[in-house]
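Nothing in this text is a laboratory measurement; each read-out follows from the coordinates by a stated rule. What you are looking at is a predicted structure, and each value in this text was computed from that prediction instead of being measured. Ideal geometry is used to build each Cβ from the backbone, glycine not excepted, and the neighbour counts take in all protein chains shown.
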Amino acid sequence: MKLLFVFLLLALPGLHATALADINIPIETQHTALVLRVDTAQNLLNIYLGKRLQNQAEYAGIRGNPRNEETYSYMFQSAYTPAGGRNLLEPAIQALHADGNPSLDLKYVRHETKSAGSGIQLTTVYLKDPKYPFEVTLYYKAYINEDVIEQWSLIHHSEKTAVRLHKYASANLYIPAKDYYLTHFHGDWAQEMRPDETPLAAGMTILDSKLGTRADLFQPPSFLLSLNKPANEETGEVIAGTLAWSGNFQLAFEVDPLHHLRVIAGINPYASDYLLPPGREFVTPALLYTYSSQGKGLASRNMHNWARKYRIPQGQGTRLTLLNNWEATQFDFNEDVLTALFKDAKKLGVDLFLLDDGWFANKYPRNNDRAGLGDWQENVKKLPHGLGYLVKEAEQAGVRFGVWLEPEMVSPKSELYEKHSDWVIKAPNRQQSVFRNQQVLDLSNPQVQEFVYGIVNDLLTKNPTLAYIKWDCNAAIYNAYSATSANQSQLYVDYVQGLYKVLARIRTKYPTIPMMLCSGGGGRVDYGGLQYFTEFWPSDNTDPLERIFMQWDYSYFYPAIATCNHITDWGRQPLKFRTDVAMMGKMGYDIVVSKLSENDLQFSQQTLKTYERVHDVIWQGDLFRLQSPHTSDVASLMFVNPAQDKAMWFNYLVGNRYKSGTVEPIRLSGLNPAKRYTLQEVNIYPGSRSFINANTATYSGDYLMTVGFNPQVSANRASVVLELTEAK
Ligand code: GLA
């Protein structure tokens with residue numbers, strides 16, 4: 001009887017000996033685990049995502065596919081849900097086979113786990129359609145110490161002709177909990193990264209973008225998901241996730257009929273059918289996620305640790321402070337104006353001068369934003385001696401020189417457009433649309449890729465000491481159509497892949513040049529882009545009050561070292577306030593130095609010296625958000641260095657009601673309870689005095705984290721920055 005049963009099982013198609021028992025595949029980091037299961041029918045299921053169990057063998061006790069009979073499909077927990085078969089919910093992949101069959105089945109074939117470098121384990125799971133030569137490989141990279149998982153998939157086939165992929169997600173997660181609270185972010189120009197937390201209702205919630213380029217203007221591809229109840233900074237279960245893709249994305253959250261959450265994340269299937277020829281591979285972008293059982297604070301620290309160590313170029317290195325001329329001059333400058341600014345930059349004490357928009361184009365000079373994009377030759381009227389001369393002049397003045405570029409774009413009024421109108425994305429028989437008076441170049445075209453690479457390569461070849469590039473991107477894609485592509489339906493995808501090809505080439509040849517990712521403010525930041533860029537521009541809105549909120553919310557995903565904060569004339573706060581806000585990131589200036597009062601100048605020079613001393617704590621330290629500007633009159637946050645002997649503590653008044661300020665002490669975080677710390681106020685404006693006396697303000701970490709300390713923020717002390725140093 002038993003023998004007959006085994007024989008029957010083996011005789012069933014798609015099954016072999018290993019199918020007799022479930023196989024569990026734990027993907028573990030130091031504190032978390034994602035567990036997959038191969039069931040007896042060779043289906044790959046998600047069975048667990050959460051805190052790592054001490055005993056791996058106990059994952060076997062977790063029930064898979066509970067109450068299967070109620071799902072009608074046996075597929076709610078699929079680890080990569082194929083469409084067209086028994087599936088009744090949101091699929092991860094939908095394909096039309098070469099013979100016209102729209103269904104897909106994916107069965108487990110095998111898996112392996114191996115080291116992918118120090119502290120990284122890569123688990124690879126191979127799936128195959130039992131009836132078609134169509135395969136999907138799922139990749140799970142576990143960053144052990146950072147508790148981050150990077151997940152993506154690879155699709156390939158050897159059918160007779162191309163397979164049409166309608167959907168091809170990066171990750172398909174399954175998270176059973178009592179309730180789900182999704183924080184997503186939304187905005188527009190100058191209003192980036194506004195958070196909203198809502199309980200997830202039954203059915204589908206979708207976060208997505210259809211802008212093509214500067215894809216996260218309205219919504220970035222990042223989310224926080226609290227399980228069971230809303231998490232706060234230090235407590236609660238939370239998953240922070242972000243898709244590493246600079247184009248259209250879709251994050252689908254589906255609360256299924258069993259009230260379990262399915263998350264399906266990847267490139268947006270909207271207008272993106274992909275024709276995959278036989279023998280070719282399609283690799284999806286990665287979803288990055290981290291699970292924390294100690295609130296949002298830990299989740300973001302995990303992301304920062306991972307990004308600095310593994311993703312952002314020179315993430316554990318250093319950055320240049322700079323003076324930018326955009327807010328100061330806009331398009332109106334010449335060599336004399338700029339050389340005077342170099343001296344100002346030196347006087348201020350920054351490392352670099354960054355020349356912004358307006359330095360190029362001759363037939364249609366770039367004197368405003370209505371012309372010249374694409375013609376990357378120096379404007380001979382403004383810069384008769386060229387960029388090379390400016391680089392040298394700056395260096396002679398004692399600062400380095402960097403330049404603004406917007407290489408993916410073209411103005412209809414440009415020589416480039418006249419010569420190569422087929423390089424521009426625009427649909428036939430439709431009125432052309434412009435976004436900030438410009439259109440997008442077709443980066444799916446290899447000739448355009450060559451052109452864009454050439455712009456950067458020429459600049460850096462001619463000016464080998466050029467020290468910084470600000471890479472802007474100020475238009476979304478309208479009328480998506482390529483004059484040269486054979487597969488119009490995949491233009492949005494080909495565009496981003498083309499962009500990454502160019503950026504990868506640039507990075508191979510110029511691995512160390514700092515590059516800022518900018519997009520009319522913060523319309524483009526994600527970990528796809530940040531593998532090539534050292535930093536990003538969160539928003540054109542530099543009003544410090546606004547920035548306290550924005551920087552707070554960006555900090556859930558991106559570390560301070562990559563977040564460019566400039567001191568400008570936006571906002572009504574005094575220079576000290578503006579400077580204190582900019583200091584909690586990568587600091588820069590965009591002001592007219594010659595117009596600063598003597599006190600303002602002296603304050604700025606002093607602050608830059610302080611920044612030089614403490615920036616490593618901010619850039620490499622652990623971030624602890626203590627009091628949220630969203631719920632309190634005083635925003636408070638701090639960075640603690642890994643040795644826990646230095647910390648920087650920032651406090652800002654964000655409310656203006658009568659008596660707004662800190663009445664009670666604020667409890668600090670992340671210090672060593674056994675160490676003693678001296679508190680000293682920094683960034684003190686000339687003529688002011690601090691009430692905090694470094695001789696007496698020494699407390700144990702235990703005291704500061706249990707009782708706290710009142711930084712005495714008030715209308716008269718609207719921003720207070722404190723440096724904590726271990727008292728030895
Ligand atoms: C965008 C950027 C600005 C500036 C201008 C120049 O708006 O976000 O910082 O570079 O372009 O045109």
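Close amide H contacts of Tyr364 (hydrogens built in the peptide plane, cut-off under 5 Å, sequence separation of 5 or more or a different chain): Glu415. When the C-alpha to C-alpha distance is required to be over 32 Å, the pairs from Lys576/Lys646; Lys296/Lys576; Lys131/Lys210 that qualify are Lys131/Lys210. Judged by the mean number of other Cβ atoms found within 10 Å, the most tightly packed of the peptides 348-361, 150-163, 428-441 leads the ranking 348-361, 150-163, 428-441. Positive contributions from Lys and Arg (+1) and negative ones from Asp and Glu (-1), summed over other residues with Cβ under 15 Å from the Cβ of Thr696, come out at +1.
Rounded if a/c is under 1.5, else prolate if a/b beats b/c, else oblate: with a ≥ b ≥ c from the C-alpha gyration tensor eigenvalues square-rooted, which is the chain? It is oblate, given that a/c is not under 1.5 and a/b is not larger than b/c.
Summarising the amide proton neighbourhood of His97: residues at separation of 5 or more, or on other chains, whose placed amide H is nearer than 5 Å comprise Ser103. Counting only DSSP beta bridges with both residues in the chain, the antiparallel share comes to about 85 percent.
Look at where the Cα atoms of the range 426-482 and of the range 686-728 average out, and the two centres are 49 Å apart.
What whole number of Å gives the distance from the Cα centroid of the range 617-644 to the Cα centroid of the range 304-350? That distance is 24 Å. Coupling constants for the range 129-146 follow from the phi torsions by the Karplus curve (6.51 cos²θ - 1.76 cosθ + 1.60, θ = phi - 60°), and in residue order they are 6, x, 10, 10, x, 10, 10, 10, 10, 9, 10, 10, 9, 9, 8, 4, 6, 8 Hz; glycine and proline get x.
Over the chain, dividing the summed -39,500 (n - 2.57) contributions of all DSSP H runs of at least 4 residues by the number of residues returns a 222 nm mean residue ellipticity of -6000 deg cm²/dmol. In this structure, the amide hydrogen of Arg400, modeled 1.01 Å from its nitrogen in the peptide plane, lies closer than 5 angstrom to those of Leu352, Phe353, counting only residues at least 5 positions away or on a different chain. For the range 21-311, dividing the convex hull volume of the Cα atoms by the residue count gives 130 Å³ per residue.
In order along the range 590-595, phi translates into HN-Hα couplings of 9, 9, 8, 4, 5, 8 Hz, rounded to whole numbers, per the Karplus curve 6.51 cos²θ - 1.76 cosθ + 1.60 with θ = phi - 60° and x for Gly and Pro. Among Phe342, Phe691, Phe76, Phe451, sorting on how many other beta-carbon atoms sit within 10 Å of each Cβ, with the fewest leading, yields Phe691, Phe451, Phe342, Phe76. In sequence order, the range 35-52 has phi-based couplings of 10, 9, 9, 9, 8, 5, 9, 6, 7, 9, 10, 8, 10, 7, 9, x, 5, 5 Hz under the Karplus curve 6.51 cos²θ - 1.76 cosθ + 1.60, θ = phi - 60°, and Gly or Pro positions carry x. Against the longest principal axis of the chain, how steep is helix 295-306, in degrees 0 to 90 to the nearest 10, with axes from Cα atoms? For helix 295-306, the angle is close to 80 degrees. For the chain, averaging the sequence separation of C-alpha pairs within contact (under 8 Å, six or more residues apart) and dividing by the residue count gives a relative contact order of 9 percent. As a rough footprinting exposure proxy, the listed residues Met303, Met75 were ranked by other beta carbons within 10 Å of their own, and the order from fewest upward is Met75, Met303.
Counting only DSSP beta bridges with both residues in the range 250-402, the antiparallel share comes to about 55 percent. About its Cα centre, the chain has a charge dipole of approximately 720 debye under the convention of +1 per Lys or Arg Cβ and -1 per Asp or Glu Cβ, with nothing else charged.
Remark: the Cα gyration tensor places the range 556-669 in the oblate category, a/c being 1.5 or greater and a/b not exceeding b/c.
What is the mean projected area of the alpha carbon convex hull for the range 541-601, to one decimal in square nanometres?
If you wrap the Cα atoms of the range 541-601 in a convex hull and average its projections, you get 3.9 nm².
Just tell me which lysines come within less than 18 Å, Cα to Cα, of Lys413; anything on the same chain fewer than 8 places away is out. In chain and number order, the partners are Lys363, Lys426.
Using only alpha-carbon positions in the range 372-461, the gyration tensor eigenvalues give semi-axes of 30, 14, 11 Å once each is multiplied by 5 and square-rooted (largest first). Residues Glu415, Glu192, Glu90 in ascending order of nearby Cβ atoms (within 10 Å, fewest first): Glu415, Glu90, Glu192.
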